[in-house]
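To keep things clear, I will list the structure first and then write my remarks on it.
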Amino acid sequence: MAVYIDSSGRLHHDQESALALNCPQCGVLAHITPVSVPDYNALQQHKPSHVGLVYRCAACNAPVFLRFSVKLWDCPASSDTVLS
């Protein structure tokens with residue numbers, strides 16, 4: 001799954017609104033929605049090797065924390081930060 005944060009701070013991924021997983025809180029296979037994405041400028045300044053995002057479970061509204069490894073800073077085709 002390709003995930004990236006563009007220079008305007010928007011999160012993009014292959015599955016967009018169809019991202020689902022087993023919620024660690026309620027155990028239900030449910031869609032998750034991003035609710036907290038790191039600030040693009042802070043990412044560019046600190047260039048961490050991992051980035052954490054917070055999603056909301058559609059079944060129980062619990063926060064779901066996901067960690068991604070950073071694959072690429074400043075994609076050559078744009079100024080996006082690419083996560084894995």
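Every number in this text was worked out from the coordinates using simple rules, so none of it is lab data. Treat the numbers as computed from the prediction; the structure is a model and nothing was measured. Note that each Cβ is placed from the backbone with ideal geometry, even for glycine, and that neighbours are counted across all protein chains shown.
Along region 47-60, what does the Karplus equation 6.51 cos²θ - 1.76 cosθ + 1.60 (θ = phi - 60°) give for ³J(HN,Hα), rounded to whole Hz, x for Gly and Pro?
Working through the residues one at a time gives 6, x, 7, 9, 10, x, 10, 10, 10, 10, 6, 6, 7, 10 Hz.
Work from the charge dipole of region 3-83 (Cβ charges, +1 for Lys and Arg, -1 for Asp and Glu, about the Cα centre) and give the residue of 7, 48, 72 farthest towards its positive end.
48
Sequence gap at least 6, Cα distance under 8 Å: using those rules, report the relative contact order of region 3-83 to the nearest whole percent. Walk me through the numbers before you get to the answer.
On the way: 149 pairs, mean separation 23.0, N = 81.
Reported relative contact order: 28 percent.
Would you please give the residues with an amide H less than 5 Å from that of residue 64, counting only those at least 5 places away or on a separate chain, with H modeled from the backbone geometry?
The answer is 55, 56, 57.
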